[in-house]
Each structure stands twice: as C-alpha cells, then as structure tokens.
Amino acid sequence: MDKEVLNYVVDKSHELIASPTCSKEAADAARAWLDAVGTDRQAEETKKYIAELEADIVPIDGLIQLAESETGIKIFGEEKAKEVACHGKEIKAAGAKFCDCPACSIVSEILSKKDQLLES
C-alpha cells in the first residue's frame, strides 16, 4: 500500500475514534486495525475494518427513516428528530447517499481508499 494512503487512513482512523458519533464497533475495529498496521495481521484486519465500516455507514434513507420514527424521537428528541429528518431530505435531494454526521463522513473518506487498502 502506498505510504501516503496508509498515513491518510491512519489519520482518519484516529479522527473516527475521537468522533462523538462513532459507534463502539467502528471504534474497536479502527483500534484493531491501527494495532495491526505494519504487522503480519494488517491484511486480515484491513478486511475486517472495511467490513465494519461498510456495515456502520448510514445510508441517507436509513437516517431519514430513523429520524421520523418513534425510536428517532427517543434518541434525538422531538424537535431535533424533525431537524435531522429535514436535513437528511435536503442532503439527499442534493445527491447525498449517506448520513453526513462526523463519523459517517470520516467513514466515507476512509472507504474512498478501499481499493488501495486492500492492495496491501
């Protein structure tokens, strides 16, 4: 793997772990991958990391559905849920495919390097 790509993903992985919207599973996968960089486990952990990121990134329709649901209202509160749903619809209309929260944005940036990551 190109050193520049590796450094980019290492930096983004640290950002992901620090993100307030990062799931425990994604943070754990990021830590495991970071621990494996430069070892004989790197290729295996890279595959696991990518699989976790692909499972965790929230499709825009999923975000909208969540925000409009009873569960979304419980998570966000009634007013914030309406804001999230409205925001989701706005960014979907502008072409967004995924949630744009900090964690999903970082995951999207990491996944943009997926092919280079898998070359390792």
**Prompt:** How much net charge surrounds ASP100 when only the other residues with a Cβ under 11 Å from the Cβ of ASP100 are counted, with Lys and Arg +1 and Asp and Glu -1?
**Reply:** +1
**Asked** Which percent of Cα-Cα pairs in the range 62-120 sits in each 5 Å bin, short to long?
**Response** 4, 19, 21, 19, 15, 9, 6, 5, 2, 0
**Prompt:** How far apart, in nm, are the 7 Å Cα→Cβ label points at GLU68 and LYS47?
**Reply:** 3.9 nm
**Item:** the range 54-67 - phi-based ³J(HN,Hα) in whole Hz, Karplus 6.51/-1.76/1.60, Gly and Pro as x
**Value:** 5, 6, 8, 5, 8, x, 4, 5, x, 4, 4, 4, 4, 4
**Prompt:** Any idea of the accessible area per residue across the chain, 1.4 Å probe, to the nearest Å²?
**Reply:** 59 Å²
**Request:** Using Rg and Dmax of the Cα atoms in Å as the read-out, say which of [x] 15.8, 49; [y] 48.7, 165; [z] 14.8, 50 was calculated from these coordinates.
**Result:** [x]
**Asked** Using θ = phi - 60° and the Karplus curve 6.51 cos²θ - 1.76 cosθ + 1.60, what whole-Hz ³J(HN,Hα) does each residue of the range 89-106 get, with Gly and Pro shown as x?
**Response** 5, 5, 6, 5, 4, 7, x, 5, 9, 9, 3, 10, 5, x, 5, 5, 5, 5
**Request:** Report the relative contact order of the chain, percent, no decimals, based on alpha-carbon pairs under 8 angstrom and at least 6 residues apart.
**Result:** 38 percent
**Prompt:** Using a 1.4 Å probe on the protein chains only, how many percent of the accessible area of the chain belongs to carbon and sulfur?
**Reply:** 52 percent
**Prompt:** Where the only charges are on Cβ atoms (+1 Lys, Arg; -1 Asp, Glu), what is the dipole of the chain about its Cα centre, to the nearest 20 debye?
**Reply:** 100 debye
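What length, rounded to one decimal in nm, is gained on full extension from ASN7 through to CYS86, with 0.36 nm per residue of separation minus their alpha-carbon distance?
Gain in length upon complete extension: 24.9 nm.
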**Message:** At 7 Å along Cα-to-Cβ for each site, give me the label-to-label distance between LEU118 and ALA94 in nm.
**Reply:** 3.0 nm
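The values are calculated or read from the model by the stated rules, or taken from the named source; none is laboratory data. Bear in mind the structure is a predicted one, so any value in this text is a computation, not a measurement. Cβ: placed from backbone, ideal geometry, glycine included. Neighbour counts: every protein chain shown. SASA here: full protein model, heavy atoms, side chains in, ligands and nucleic acids out. Shrake-Rupley method; radii C 1.70, N 1.55, O 1.52, S 1.80 Å.
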